[in-house]
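Below is the structure I would like to discuss, written out as structure tokens.
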Amino acid sequence: MNYGLHDLRGDLFGGLTAAVVGLPVALAFGVVSGLGALAGMYGAIAVGFFAAVFGGTRSQISGPTGPMAVAMAVIVASYADNLAEAFAIAIMAGLIQILLGVVGIGRFVAYTPYSVISGFMSGIGLIIIILQMLPFLGAEVEGGGPMGAIRALPDAVRHLNVQAFVIAAVTLVVGVMWPRRLRKVLPPTLAALVVGTLLGVLWLTDIRVIGEVPTGLPTLIRPPVSADLIVRALQPALTLALLGSIDSLLTSLIADSMTRTRHKPNRELIGQGIGNMAAGFIGGLPGAGATLGTVVNLRAGGRTPVSGAIRAFILLALVLGLGRHVEAIPQAVLAGILMKVGWDIIDWRFLTRIRRLQRDHVLVMVVTLGLTVFLDLITAVVIGLIVAGMVAARQFERLELDSVISVPLLDQAFLQDADVDDFSARVGLVALRGTFTVASASKMITTISVDIRDHEVVILDFTQTVYVDDSSALVVEQLVDSAIAEDTDCIVMGLGGAPAAVLDALDALDKVPGDRMVATMDDARGIARQILASRDERDHSDTLDR
């Protein structure tokens with residue numbers, strides 16, 4: 001790859017702009033996670049640098065994100081006895097991401113139904129908004145997640161801190177209403193941070209602030225290792241790993257659409273995993289691909305991993321002397337910023353079209369959203385995928401059954417002589433066209449078995465069959481058994497390729513004689529004529545004997 005001065009200029013502007021935009025967000029996510037503002041900065045530095053260097057998306061900016069901050073807050077509150085254990089869980093999550101990338105799981109994330117993604121992301125946005133309602137009103141953040149915040153809300157309203165509310169409201173308004181012509185000079189999030197902080201420092205001083213923040217290089221953390229911790233950490237670590245992977249690869253898809261390139265999903269997971277392990281070892285908040293930072297980086301000219309590395313170094317330089325300046329930032333300012341972030345995360349494009357969507361897709365989205373907000377993130381994704389799979393299976397069932405043709409061969413011009421009505425009406429054709437899976441397996445046996453009983457000979461036509469899974473292969477075996485039970489002879493036509501391999505592996509056609517396996521319709525007609533003639537002779541002989 002040729003890397004010139006033009007590329008360096010674009011990456012410098014991209015990295016600088018992404019650093020300015022990411023600074024307040026990293027501080028805010030660090031606070032909301034329960035790890036502290038500096039942990040957000042360390043996470044932005046570690047994940048941002050290592051994901052850029054070792055990841056598979058050239059222009060992606062990584063760091064703390066809403067889903068990862070919310071998940072880490074749950075881990076701090078419910079799964080870890082101390083911060084060292086929380087960081088140990090983050091390290092395990094990074095290791096799981098690396099393993100997912102090594103075994104090639106990355107490419108499958110692209111198959112996640114959009115209704116699940118929409119419900120999950122909208123749920124994350126709602127969680128952020130609900131959790132920030134208390135500091136927005138000047139109250140302390142309560143434990144218990146969204147439900148705990150909702151329960152504490154009436155008391156927070158009764159004891160409203162007017163000064164904190166004014167600061168948070170002004171911060172939110174500045175973030176939303178910042179003029180477009182000024183956004184290239186000063187991003188809205190940074191403008192909101194400056195305006196809100198000035199209000200808290202110069203005028204409205206009766207408010208909670210971030211407080212003391214240590215500066216300097218991070219201290220290397222030695223996470224505790226024990227069998228008990230590993231068992232307790234497995235579920236939350238898997239949650240972090242899956243959230244980070246989905247979040248990152250979705251951002252990669254957005255970057256691809258803007259640059260008309262293709263990312264390497266498995267390599268991206270490895271890079272994100274290395275970044276999250278590094279963040280855990282230095283006390284940083286784990287992160288993922290950040291959509292906002294990535295878009296800002298691309299619009300400013302960043303096109304290579306150098307922009308992500310430059311952003312990390314800029315943030316590191318700020319951290320080395322930033323602490324004393326960050327201490328005076330009001331918590332209400334971060335609440336105002338996060339309110340805007342949560343609002344932007346909600347998938348309004350999907351929600352505004354909900355009346356025009358299929359009910360099945362709306363159901364998947366609503367279930368995923370509800371479970372995300374009121375239960376937990378990993379359960380929401382898992383159950384959302386299960387419900388989406390069931391919905392897809394219903395659709396596949398209809399499509400696959402529509403591809404089955406079961407008719408008398410009379411309709412196929414079976415014979416071209418005077419015996420056409422006598423013979424062809426006694427022969428049935430079952431044509432399996434396209435793909436057949438577990439989705440249609442149960443109904444296919446019920447539907448076709450009825451038709452088999454009406455014929456003396458049935459031709460199973462696999463000429464246009466593309467794929468048969470194990471469930472459908474066993475259904476074919478049941479069809480043959482059903483035909484034998486009804487004294488109906490079977491002929492198999494046009495079987496080959498992948499369907500033949502699956503059927504042979506399961507011995508699904510063992511009861512069909514080898515001379516009744518044919519390639520063409522002409523061959524099938526000949527075999528059918530012989531079978532029917534033999535039946536007629538046998539029936540005639542039985543009549544004479546009586």
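Coordinate-derived values only; no laboratory data. Only a predicted model underlies this, so the values are computations on that prediction, with no experimental measurement involved. When we count neighbours, we look across all protein chains shown, and the Cβ atoms used for this are built from the backbone with ideal geometry, even at glycine.
Give the average over all directions of the projected area of the C-alpha convex hull of the stretch 10-61, one decimal, in nm².
Average projection, Cα convex hull of the stretch 10-61: 3.6 nm².
Report the FRET efficiency, 1/(1 + (r/R0)^6), for residue 299 and residue 354, where r is their Cβ-Cβ distance and R0 is 25 Å, rounded to 0.05.
With a Förster radius of 25 Å, E is 0.25.
Let me ask something else. At most 15 other Cβ atoms within 10 Å and a DSSP loop assignment: could you name the GluC sites (Glu not before Pro) in the stretch 455-546 that fit?
486
Any chance you could list the semi-axes, whole Å, largest first, of the equivalent ellipsoid that the Cα gyration tensor gives for the stretch 102-203, using √(5λ)?
Semi-axes from the Cα gyration tensor: 32, 24, 11 Å.
HN-Hα J couplings of the stretch 354-364 from phi, Karplus 6.51/-1.76/1.60, θ = phi - 60°, integer Hz, Gly and Pro as x?
4, 5, 9, 8, 5, 4, 4, 5, 5, 4, 4
Starting from the amide H of residue 209, placed 1.01 Å from N in the peptide plane, find each other amide H under 5 Å away whose residue is 5 or more places distant or on another chain.
HN-HN under 5 Å from residue 209: 331.
Once you sort the root eigenvalues of the Cα gyration tensor of the stretch 18-122 as a ≥ b ≥ c, which label holds: rounded (a/c under 1.5), prolate (a/b larger than b/c) or oblate (the other case)?
Rounded.
Sorted from largest down, give the three principal axis spans of the alpha carbons of the stretch 223-379, whole angstrom values.
Computed over the stretch 223-379, the largest-to-smallest principal extents equal 53, 48, 39 Å.
When you take every Cα atom in the stretch 29-91, what is the radius of gyration, and what is Dmax, the widest Cα pair distance, in Å?
12.2, 38
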